[in-house]
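A.B. asks: This is the structure I want to talk about, given as structure tokens.
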Amino acid sequence: MKATTPKKHGIEIAHSDAPDPGAGWNLRLYVAGQTPKSLTAFANLKRICEEHLAGRYQIEVIDLLKQPELAQMDQIIALPTLVRRLPEPIKRIVGDLSNSERIVVGMNLEKRPGPS
Amino acid sequence: MPKVNSRLTMLEKVPTGINGLDEITGGGLPAGRPTLVCGAAGCGKSLFALEFLIRGATKHDQPGVLMTFEESVDDIRKNVASLGFDIDALIAQKRLIIDFVRIERGEIEEQGEYDLEGLFIRLAHSIALVGAKRVVLDTIEALFAGLSNQAILRSELRRLFGWLKQRGMTTIITGERAGDQLTRQGLEEFISDCVILLDHRVIGQISTRRLRVVKYRGSTHGTNEYPFLIDESGISILPVTSSGLEYEVSAERVSTGVGGLDEMLGGLGYYRGSTVLLSGTAGTGKTSMAAHLAQATCARGERCLFFSFEESASQILRNMRTIGIDLQPFVRKELLRIHSARPTVYGLEMHLARMHKLIGQFRPTVVIVDPVSNLRSAGTNEETATLFVRLVDFLRRNGILGFLVSLTSWAGTSETTGDSISSMVDTWLLLRDIELSGERNKVLYVRKSRGMNHSNQVREFHITSKGVKLVEAYLGPGGVLTGAARLAQETREVAEAERLKQEMERRELALTHRRKAMEAQIEALRAAFDAEAEELRRTAANGRDRLGQLEIDREAMARSRRVTERSKKNNHR
């Protein structure tokens, strides 16, 4: 159950907003409207990704006010929530992502020293 | 919804539909407000909450949302299937929605500020989907295991409960009891309207579940601990005396089934719907008395439910046939139902609940429990006493004549029941064995009978092949006389009566003689008196004559004297 539910929903979502399989990192940010907290979280995420995963990531922002059913499907309680869907395993971080050091560790975003 | 006219309007309540709970709380849980249901693990709080939703959806047309933090939908389905609840059907009809919130420690990392808006959105979505009026959060404390920021969680929970209140959701929030606190996370500080505590205790190897309303703001409520049980039809809470003493009482009388006993009870028998206690030592014919009542009831075409804790149904039927009471036809016609069970097969609660249920199904006008005293082996004395109170209470409220048979022990205690049951009953009949002159005889008397002019006699009775027969008993100087002693006494009394009669006649005769003598004496006295009176009269007449003569003489003398004086004067001049 634990492993199948997110996968199933992942497929359901895929047709509308298909993650690029080649991109490697598929991140979802769940928010509820454009609150200061969600804007901060998105800005922080964008910055960290650009810094560590330039060109290899995709951010999907899900506004639960518009798609409330996804809150139950994806087991969201706290907002904002960042879900790393790919690469597996799935990881979750809640909060406005203000501590970038911790995000890097939590999401295993190892810093790549330039192009190689 | 009723219009609120003034601030004094009573707090609105929502019936839960859980057996007995609405009676204790005087109508249910506070409408549109959260209620905290807490208790230790395994006390039945999840089931309580779920039944609240299911009853709401099925009985009160109030769809519900269950947000569960501990059990998956599958688990819940399995748990309640054994209780006869089909939650799949309710989910399919959009009367119930179950949202399993899975929280696993370590899976979520917290970075900076967040809130629980996701939870709000989920709830709002579910509420909108089924048009919910009821919400259950079971057990929201699990959030504290998954998220570590206490400050955020607490303020968000406060906001959540306020939010639910604002939406008018009648909510049950469950919480696990920890030590002295009602809930591990102190949820009671957020929920102040109504707090219900569940408890599961084992005393003397028999487990009892109990419920107590700890708090109910703005409402009166029973403060007792109420036992409850969970069986195949869900939760049943058994109010001890929730209805107070407000029964409808009947003035109608029903026959006891025993010729002669009706006469002892004001000539008409028991009151319909009253409670009768029949106590007696072993082998005094208690079951026979009960069988008579059953027969009389069924013969009127009414139903009678017989709970036997000693004999099997067939045993009772056979034994009663030997004393001329054939109950078999009534069993066939479904007017009589006999339920036999060993007292120790269940705890007391289960016994009472089973009785409640069977009475509810069968709807009898007479319930016989033979013997209630045996139930004592299924619980402590204190528990048994409350069981009796509740049983009597239940029967009275339903206008059922309760006939409770109590076995009393031998030594001189036949007038105490040991269960303080006697003060609750309306009519108390006592059966006793009296051992005298080498034989043992049975007597019956009415110890009390409220609201009727009952006999104060001690009556001897025989159990014959035609049932119980009452005969006159005799009170002699040595106590109640029965059997051969009674016959001897009867003979003695006849002789005594004859002697008395003769004595009376003799005395009357003597009196007549004396009266005659007296009258003769009076006659003689009167004659003497008359003679005396005549004598006196005559004497008085003589006296008067003489007085008159004296007067005349004196006049004459005076005249002659004056003449003499004058002549003397003239001579002197």
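The values are calculated or read from the model by the stated rules, or taken from the named source; none is laboratory data. As the structure is a computational prediction, the values presented were derived from the model and not from experiment. In this analysis, Cβ positions are derived from the backbone assuming ideal geometry, glycine residues included, and neighbour counts consider all displayed protein chains. Heads up: the accessible areas ignore ligands, DNA and RNA and are worked out on the full protein's heavy atoms, side chains in. Shrake-Rupley method; radii C 1.70, N 1.55, O 1.52, S 1.80 Å.
A.B. asks: Along the positive direction of the dipole of the protein assembly as shown (beta-carbon charges: Lys, Arg +1; Asp, Glu -1; about the Cα centre), which of B:Gln457, A:Gly106, B:Pro30 reaches farthest?
C.D. replies: Of B:Gln457, A:Gly106, B:Pro30, it is B:Gln457.
A.B. asks: Given a cut-off of under 8 Å on Cα pairs at least six residues apart, what relative contact order in percent is computed for the stretch B:196-354?
C.D. replies: On the way: 194 pairs, mean separation 26.1, N = 159.
Reported as a whole number, the value is 16 percent.
A.B. asks: Taking 0.36 nm per intervening residue step and subtracting the Cα-Cα distance, what contour gain separates B:Glu189 from B:Ala251 on full extension?
C.D. replies: Values: separation 62, 0.36 × 62 = 22.32 nm, distance 5.21 nm.
Once the chain is fully extended between B:Glu189 and B:Ala251, it gains 17.1 nm.
A.B. asks: Between B:Lys94 and B:Arg300, what is 0.36 nm times their sequence separation minus the Cα-Cα distance? Round to one decimal in nm. Before the final figure, lay out the partial values.
C.D. replies: Numbers: separation 206, 0.36 × 206 = 74.16 nm, distance 4.93 nm.
Working it through step by step, the gained length comes to 69.2 nm.
A.B. asks: List the relative contact order of chain B as a percent without decimals, with contacts defined as Cα pairs under 8 Å and 6+ residues apart.
C.D. replies: Answer for chain B is 12 percent.
A.B. asks: Putting +1 on Lys and Arg Cβ atoms and -1 on Asp and Glu Cβ atoms, find which of B:Gly56, B:Ile91, B:Val136 reaches farthest to the positive end of the dipole of the stretch B:13-237.
C.D. replies: Positive-most Cα among the choices belongs to B:Gly56.
A.B. asks: Here's something else I'd like to know. Summarise the partner chain shielding of A:86-94 as one whole number: the mean count of Cβ atoms from other chains within 10 Å of each residue's Cβ.
C.D. replies: Details: counts 0, 0, 0, 1, 1, 3, 5, 6, 14.
If you average over the peptide's residues, the count of other-chain Cβ atoms is 3.
A.B. asks: Report, in debye and to the nearest 20, how large the dipole of the stretch B:253-475 comes out about its Cα centre when Lys and Arg carry +1 and Asp and Glu carry -1 on their Cβ.
C.D. replies: Working: 27 positive and 20 negative charges, 150 e Å.
Roughly 720 debye, rounded to the nearest 20.
A.B. asks: Longest exposed-loop-site-free stretch of chain B, with GluC sites (Glu not before Pro), DSSP loop and at most 13 other Cβ within 10 Å?
C.D. replies: B:416-573
A.B. asks: Rounded to the nearest Å, what's the spacing between the alpha carbon centres of the stretch B:509-566 and the stretch B:149-212? Just the number, please.
C.D. replies: After rounding, the separation between the Cα centres reads 120 Å.
A.B. asks: What FRET efficiency do you get for B:Ala533 and B:Met557 if R0 is 56 Å and r is their Cβ-Cβ distance, rounded to the nearest 0.05? Walk me through the intermediate numbers first.
C.D. replies: Working: r = 37 Å, r/R0 = 0.66.
Efficiency, from the Cβ-Cβ distance: 0.95.
A.B. asks: Calculated FRET efficiency, B:Arg506 and B:Ser423, Cβ-Cβ r, R0 45 Å, to nearest 0.05?
C.D. replies: Working: r = 54 Å, r/R0 = 1.20.
So, using R0 = 45 Å, E works out to roughly 0.25.
A.B. asks: While we're here: Would you be so kind as to identify which of B:Leu395, B:Ala558, B:Thr284 lies farthest towards the positive end of the dipole of the protein assembly as shown, taking Lys and Arg as +1 and Asp and Glu as -1 on Cβ and the Cα centre as origin?
C.D. replies: B:Ala558
A.B. asks: Also: Could you report the buried accessible area between A and B, both sides summed, computed with a 1.4 Å probe and given in Å² to the nearest 100? Working shown, then result.
C.D. replies: Values: alone 7360 and 29910 Å², together 34930 Å².
Approximately 2300 Å² gets buried when A meets B.
A.B. asks: Along the Cα-to-C-beta direction of B:Ala145, a point sits 7 Å from the Cα; which residues of the stretch A:58-90 have their amide N less than 11 Å from that point?
C.D. replies: none
A.B. asks: Could you name the aspartates and glutamates in cross-link range of B:Lys215, using Cα to Cα under 13 Å and dropping any fewer than eight places away on the same chain?
C.D. replies: Filter leaves B:Glu188, B:Glu189, B:Asp193, B:Glu225.
A.B. asks: Restrict the search to the stretch B:272-335; then list the trypsin sites (Lys or Arg not before Pro) that DSSP places in a loop and that have at most 10 other Cβ atoms within 10 Å of their Cβ.
C.D. replies: Nothing satisfies the criteria.
A.B. asks: I need the trypsin sites (Lys or Arg not before Pro) found in the stretch A:23-113, filtered to DSSP loop residues with at most 15 other beta carbons within 10 Å of theirs.
C.D. replies: Values: sites: A:Arg28, A:Lys37, A:Lys46, A:Arg47, A:Arg56, A:Lys66, A:Arg84, A:Arg85, A:Lys91, A:Arg92, A:Arg102, A:Lys111; in loops: A:Arg56, A:Lys66, A:Lys111.
Sites meeting the loop and neighbour criteria: A:Arg56, A:Lys66, A:Lys111.
A.B. asks: Let me ask another. Can you compute the FRET efficiency between B:Trp163 and B:Val202 using 1/(1 + (r/R0)^6), with r the Cβ-Cβ distance and R0 = 56 Å? Round to the nearest 0.05.
C.D. replies: Details: r = 40 Å, r/R0 = 0.71.
With a Förster radius of 56 Å, E is 0.90.
A.B. asks: Still on this structure, I have one more. Where both partners of a DSSP beta bridge lie in the stretch B:6-145, what percent of those bridges are antiparallel, to the nearest 5? The partial results should precede the final answer.
C.D. replies: On the way: 2 of 12 bridges.
Among the beta bridges of the stretch B:6-145, antiparallel pairing accounts for roughly 15 percent.
A.B. asks: Please work out the average accessible area per residue across the stretch B:13-237, using the 1.4 Å probe convention, and give it in Å². Mind dumping the intermediate values first?
C.D. replies: Working: 8430 Å² over 225 residues.
Heavy-atom accessible area per residue stands at 37 Å².
A.B. asks: Let me ask something additional. Obtain the nm distance between the two label points defined at B:Arg332 and B:Asn381 by a simple spin-label model: each point lies 7 Å from its Cα along the Cα-to-C-beta direction.
C.D. replies: Here the modelled spin labels are 4.8 nm apart.
A.B. asks: Here is a further query. So which trypsin sites (Lys or Arg not before Pro) in the stretch B:99-188 are both in a DSSP loop and have at most 11 other Cβ atoms within 10 Å of their Cβ? Before the final figure, lay out the partial values.
C.D. replies: On the way: sites: B:Arg102, B:Arg105, B:Arg122, B:Lys133, B:Arg134, B:Arg154, B:Arg158, B:Arg159, B:Lys165, B:Arg167, B:Arg177, B:Arg184; in loops: B:Arg102, B:Arg105, B:Lys133, B:Arg167, B:Arg177, B:Arg184.
Passing sites in the stretch B:99-188 are B:Arg105.
A.B. asks: Which residues in the stretch B:485-522 have a backbone N closer than 12 Å to a point placed 7 Å from the Cα of B:Ser437 along the Cα-to-Cβ line?
C.D. replies: Label zone hits: B:485-493.
A.B. asks: Okay, moving on. Counting pairs of alpha carbon atoms under 8 Å apart in space and at least six apart in sequence, what relative contact order in percent does the stretch B:13-237 give?
C.D. replies: Details: 445 pairs, mean separation 67.3, N = 225.
It rounds to 30 percent for the stretch B:13-237.
A.B. asks: Continuing with this model, one more query. Restricting things to alpha carbons, tell me how big chain B is in terms of Rg and Dmax, in Å.
C.D. replies: Radius of gyration, then largest Cα-Cα span, for chain B: 45.0, 183 Å.
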